[in-house]
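The values are calculated or read from the model by the stated rules, or taken from the named source; none is laboratory data. From a predicted model like this one, the values you see are computed outputs, not experimental measurements. Cβ placement follows ideal geometry from the backbone for every residue including glycine, while neighbour counts extend to all protein chains displayed. Note: areas computed on protein heavy atoms with side chains; ligands, DNA, RNA excluded. Shrake-Rupley method; radii C 1.70, N 1.55, O 1.52, S 1.80 Å.
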Amino acid sequence: MFCYQCEEAAKGTGCTTGGVCGKSAEVADLQDKLIYALKGVAFYNAKAREEGFNNPKADQLLLEALFSTITNVNFDSAYFEAKIDEILTLRDSLKEKLSGNIAVADVPTEATVSRESLISGNNFGVLRIEDEDIRSLKELLTYGIKGIAAYAHHAYVLGFQNEDIFKFIEKGLIATTRNDIGVPELVDMALECGSVAATTMALLDEANTTTYGSPEPTSIDIGVGTNPGILISGHDLKDLKQLLEQTEGTGVDVYTHGEMLPAHAYPELKKYKHLVGNYGGSWWTQKDEFEKFNGPILMTTNCLVPPKASYKNRLYTTSMVGFEGVKHIEEKADGTKDFSAIIEQAKQCSAPDELENGAIMGGFAHNAVLSVADKIIEAVKAGQISRFIVMAGCDGRHASREYYTNFAKSLPDDAVILTAGCAKYRYNKLDLGDIGGIPRVLDAGQCNDSYSLVVVALKLAEAFGLDDINELPISYNIAWYEQKAVTVLLALLSLGVKNIVLGPELPAFVSPNVLKVLVENFNISKNTTVEADLERLL
Ligand code: SF4
Ligand code: SF3
């Protein structure tokens, strides 16, 4: 195996004998094969689309398959074997309908690979691309597309889709099959990926706010009650909604974990009295916290880590998430899910052990922030707010991420943090106070809600009469871990955001030459020490 798609890649270069994330070499190889074969579906579906008969099943399969290969989503080799089979069957049926219309020379080898050679072969991974820079850009593009697929999937299950997104997923995947593509064209594709990423996040924002209302500032309890509970993690709000409906009146409470925290701010979710609070921290603290939760846990998306035996029998997965030996809840034909097995198990469990108590604030998405825009602009003009620092992105397990806690603590009292994603758990329980009623940590929501931060920045630029958002008093100190953060980063670059500080490590897949391009065009840099970064960012 060779995998270097996340921030925790072994030795900062890549995992080769097993993932730091717990992914086995077998699953890593199957994921490579899946992505390889998927490019064949992208190729034929794009052709079919040109001729007006693309297969909507292919659209859905592309989203699901890409999503399943994101870090900490699926660890189950049986899932990938079945998915690869589905991909090849679909590819062949698309191909059959098109036969005779495509010149053989135009068909990439990814679209012609036979079932036998895919199963028995072993050269389908990223290292088969010899040129380091081409490999780097093709992987950057692929990871950006994986994140787009995840966000598009969340919108898709709520009935929101946009054909331009599907078209770009196909176009991008096809670009990675081309041997004649050079660095400049791939850089352009990466930026186009960023702009489609922004469109996708906007679509998901529309899907979430249309379905569940606009997030409103909300105090979220972090203690526990006395009823048994179900803990739900991941990003899928539709799963949470169904779980809340099915648990109502059963005496079982629902708690959120990790990236499900922002759900508490949506009117159509917070109205359930038995959605009682958030339990624990970000994804990597789950082993200890799931053990102490005592009740069942439902993982709806990333980030799952290989479970301990102590709670494995209380763990459930759904959608693209999977782990061998863990119970999986399938979606029914009508799009609903039956969570009764989880609810029945919860009733037999004791209430969660208390980890902490108190409350944290959430719900500062664009609507809420812009409703007090006048107050914010006044505070900036009066010098009460000197700067906004976007500290969005992911959390991770390495001790070096203490940097983000220390950075937040060391900011001057007149600086406001804008956040989204699970990176916030490094500082969202600190008492950083407020500025004239505006909290010093404004949490827009999940990683995809970084879109909200962009909307806020664009509106502020308009209000201050600035043509360039880089002239705003906003700095970016972003933490990344998995591929959705790559998607968000590309979206920011496509919007022209410069001077982003990225950490705690730069991506292993970014080659020195590609880094040079990023530095020359966007002045991206790695974080250093709290003191030095405070100085340059303020
Ligand atoms: Fe390693 Fe990250 Fe790949 Fe897991 S996802 S195998 S930790 S690089
Ligand atoms: Fe977190 Fe996995 Fe990235 Fe959604 S949940 S931000 S790491």
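Selection of region 409-453 for residues being part of a loop (DSSP other than H, G, I, E, B) and either away from ligand 2 (no atom under 15 Å from the Cβ) or among the charged types (D, E, K, R) (or both) yields L411, P412, D413, D414, K429, L430, D431, L432, G433, G436, G437, R440.
In region 140-158, the residues that are open to solvent by 10 Å² or more (accessible area, probe 1.4 Å) never reach a residue that is modelled with pLDDT under 95 and not hydrophobic (A, V, I, L, M, F, W, C) with C-beta atoms less than 6 angstrom apart, at least six apart or across chains. State whether one or more residues within region 464-477 are within 29 Å of L269 (Cβ to Cβ) and either small (G, A, S) or in contact (Cβ under 8 Å) with a residue 60 or more places away in the chain (or both). No, that holds for no residue.
L127 meets all of the listed conditions (1) out of contact with any helix residue (DSSP H, G or I) (no Cβ under 7 Å at 6 or more places or on another chain); (2) open to solvent by less than 10 Å² (accessible area, probe 1.4 Å); (3) not hydroxyl-bearing (S, T, Y) but one, namely (2). Summed over region 286-316, the residues that are more than 16 Å from ligand 1 (Cβ to nearest atom) and touching a residue at least 24 places away in the same chain (Cβ under 8 Å) give a count of 14. Looking at I87, is it without any contact (Cβ under 8 Å) to a residue 60 or more places away in the chain, of a type in the set (V, I, T) and open to solvent by 30 Å² or more (accessible area, probe 1.4 Å)? Against the criterion (without any contact (Cβ under 8 Å) to a residue 60 or more places away in the chain, of a type in the set (V, I, T) and open to solvent by 30 Å² or more (accessible area, probe 1.4 Å)), I87 does not qualify.
Identify, from the list A46, A78, A10, the residue that is closer than 21 Å to Y151 by Cβ and more than 20 Å from the chain's Cα centre (by Cα). One residue alone meets the criteria, A46. Would you say N162 is closer than 15 Å to K39 by Cβ and open to solvent by 30 Å² or more (accessible area, probe 1.4 Å)? It is false that N162 is closer than 15 Å to K39 by Cβ and open to solvent by 30 Å² or more (accessible area, probe 1.4 Å). For region 328-383, the set of residues classified as open to solvent by less than 40 Å² (accessible area, probe 1.4 Å), more than 25 Å from the chain's Cα centre (by Cα) and over 26 Å from G249 (Cα atoms) consists of A373, I376, I377, A379, V380, listed by residue number. Does region 6-22 contain any residue that is touching a strand residue (DSSP E or B) at 6+ places or on another chain (Cβ under 8 Å), more than 16 Å from ligand 2 (Cβ to nearest atom), of a type outside the set (A, V, I, L, M) and part of a helix (DSSP H, G or I)? Scanning region 6-22 turns up no residue that is touching a strand residue (DSSP E or B) at 6+ places or on another chain (Cβ under 8 Å), more than 16 Å from ligand 2 (Cβ to nearest atom), of a type outside the set (A, V, I, L, M) and part of a helix (DSSP H, G or I).
A quick yes/no check of all residues on (1) at pLDDT 95 or above; (2) more than 16 Å from ligand 2 (Cβ to nearest atom):
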| position | (1), (2) |
| --- | --- |
| F67 | yes, no |
| F75 | yes, no |
| F80 | yes, yes |
| T89 | yes, yes |
| L94 | no, yes |
| K97 | no, yes |
| A111 | yes, yes |
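Condition check ((1) more than 19 Å from the chain's Cα centre (by Cα); (2) at pLDDT 95 or above; (3) closer than 27 Å to V510 by Cβ) across all residues:
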{"site": "F464", "(1), (2), (3)": "yes, no, no"}
{"site": "L472", "(1), (2), (3)": "yes, yes, yes"}
{"site": "I478", "(1), (2), (3)": "no, yes, yes"}
{"site": "K484", "(1), (2), (3)": "no, yes, yes"}
{"site": "L489", "(1), (2), (3)": "no, yes, yes"}
{"site": "G496", "(1), (2), (3)": "yes, no, yes"}
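Annotation note: of V73, V20, the sole residue that is within 19 Å of the chain's Cα centre (by Cα), within 14 Å of ligand 1 (Cβ to nearest atom), on the phi < 0 side of the Ramachandran plot and without any contact (Cβ under 8 Å) to a residue 24 or more places away in the chain is V20. Of A103, A46, A37, A82, all but one fail to be open to solvent by less than 40 Å² (accessible area, probe 1.4 Å), among the aliphatic types (A, V, I, L, M) and over 23 Å from A155 (Cα atoms); the exception is A37.
From the list E259, E248, E268, the lone residue that is touching a Gly at 6+ places or on another chain (Cβ under 7 Å), charged (D, E, K, R) and open to solvent by 20 Å² or more (accessible area, probe 1.4 Å) is E268.
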